[in-house]
1. Mind counting the residues in segment 232-250 that are open to solvent by less than 10 Å² (accessible area, probe 1.4 Å) and either more than 16 Å from the chain's Cα centre (by Cα) or of a type in the set (Val, Ile, Thr) (or both)?
2. Restricting to segment 13-34, name every residue that is open to solvent by 60 Å² or more (accessible area, probe 1.4 Å) and closer than 30 Å to Asn242 by Cβ.
3. Which residue, of Glu211, Glu222, is free of Cβ contacts under 8 Å to residues at least 60 places away in the same chain, part of a loop (DSSP other than H, G, I, E, B) and acidic (Asp, Glu)?
4. Having 3 or more residues that are hydroxyl-bearing (Ser, Thr, Tyr) and within 13 Å of the chain's Cα centre (by Cα) is the bar; report the strands (runs of 3 or more DSSP E) wholly within segment 10-78 that clear it.
5. In segment 228-256, what residues are closer than 18 Å to Leu203 by Cα and either small (Gly, Ala, Ser) or free of Cβ contacts under 8 Å to residues at least 12 places away in the same chain (or both)?
6. Given Ile194, Ile155, which one is at pLDDT 90 or above, more than 24 Å from Tyr26 (Cα to Cα) and touching a strand residue (DSSP E or B) at 6+ places or on another chain (Cβ under 7 Å)?
Amino acid sequence: MQNGDKICGYSWDYVKAEKQSYCKAYFTGHYDKEKGKWVLQSSSFIENSGGHMLMRMSLGNHNSAGEDILEGVSVLKSILLTMLTGGANDDVYLKKTSGKPQQILERMKDCFPKEKKINDTLVKKDTIAKPITVIKPVDTIVTITPPLIVIKDSITIPKELVKRKNTEQSHIEVNVKSITLNVYDNAIVDGDTISVFYNGKLLLSHQRLSEKPIVINLELDEKQTRHEIILFAENLGSIPPNTALIVIYAGDKRYELFSSASLEENAVLVFDYKPK
């Protein structure tokens, strides 16, 4: 969906040789008139069958056998993962399958006025459903030897935290109580500093994010089903907002979550604990 120079929406793509390998990702972008290209950047997964990563895409219009498609290349959004995987580009082919989106995401509301018709359907702000981003396990594990932080005692929540809006950005289910979080700066390392809270208690304070992970070994409270990790931005670095990549290990499963926090908004990651 396009509103002026702003473009946002979601993509649905799959591996041609293995169609059960797919993902759906939310993206934003703009049209580069000089290059005649659509420049898109995904920010989070809506669905992920496993193994897919967030991408940056540059796409141009192309006509193939009378069918208009978008054709171009994509690269990994994360500079860290780009270096680890060799930085190869993927060819991308997108074609229009519908005149209207099958799903209106909360973040897509910025792409149109409060009321706008989409194929004669009136979309109102209060009809937009708030999504829950569920990230399924990824098979490939990149092993990095990190500095280790083991959580012992914690202190109560500060006043600054409750003044900001809490925004749920990811929601996953785990069946083990012992989990490990590896927290990296996402994309460009620009001096982002965060504090991390678990169920309202401080775990880490004023930790600077980098290409090396901050490692948190966490024991979930078995008396609770819902568990919240809050990432509180202590600053915005040199490139706002404050963004992080969180790699989670829960038993034999691995998850990749992304967060974006500001001085007005906290990033919330939710775990539903359901033991086997």
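The values are calculated or read from the model by the stated rules, or taken from the named source; none is laboratory data. Since the structure is predicted, the reported quantities are computational estimates derived from the model, not experimental observations. A quick note on method: Cβ atoms are made from the backbone with ideal geometry, for glycine too, and the neighbour counts reach across all protein chains shown. Note: areas computed on protein heavy atoms with side chains; ligands, DNA, RNA excluded. Shrake-Rupley method; radii C 1.70, N 1.55, O 1.52, S 1.80 Å.
1. Of the residues in segment 232-250, the ones open to solvent by less than 10 Å² (accessible area, probe 1.4 Å) are 233, 242, 244-248, 250.
Filter again for either more than 16 Å from the chain's Cα centre (by Cα) or of a type in the set (Val, Ile, Thr) (or both), leaving 233, 246-248, 250.
So the count comes out to 5.
2. His30, Tyr31
3. Numbers: Glu211 fails: free of Cβ contacts under 8 Å to residues at least 60 places away in the same chain.
Step by step, each of Glu211, Glu222 is checked, and only Glu222 is free of Cβ contacts under 8 Å to residues at least 60 places away in the same chain, part of a loop (DSSP other than H, G, I, E, B) and acidic (Asp, Glu).
4. On the way: elements: 18-32, 37-48, 55-64, 67-76.
It comes to 37-48.
5. Ala233, Ala244
6. Among Ile194, Ile155, only Ile194 is at pLDDT 90 or above, more than 24 Å from Tyr26 (Cα to Cα) and touching a strand residue (DSSP E or B) at 6+ places or on another chain (Cβ under 7 Å).
Every residue, every condition in (1) hydroxyl-bearing (Ser, Thr, Tyr); (2) crowded, with 19+ Cβ neighbours inside 10 Å; (3) modelled with pLDDT of 90 or more, yes or no:
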position	(1), (2), (3)
Leu220	no, yes, no
Lys223	no, no, no
Asp252	no, no, no
Ser259	yes, yes, yes
Ser262	yes, no, yes
Glu265	no, no, yes
Pro275	no, no, no
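Conditions tested, residue by residue: (1) more than 16 Å from the chain's Cα centre (by Cα); (2) not small (Gly, Ala, Ser).
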| site | (1), (2) |
| --- | --- |
| Ser178 | yes, no |
| Val183 | no, yes |
| Val215 | yes, yes |
| Arg254 | no, yes |
| Ser260 | no, no |
| Leu269 | no, yes |
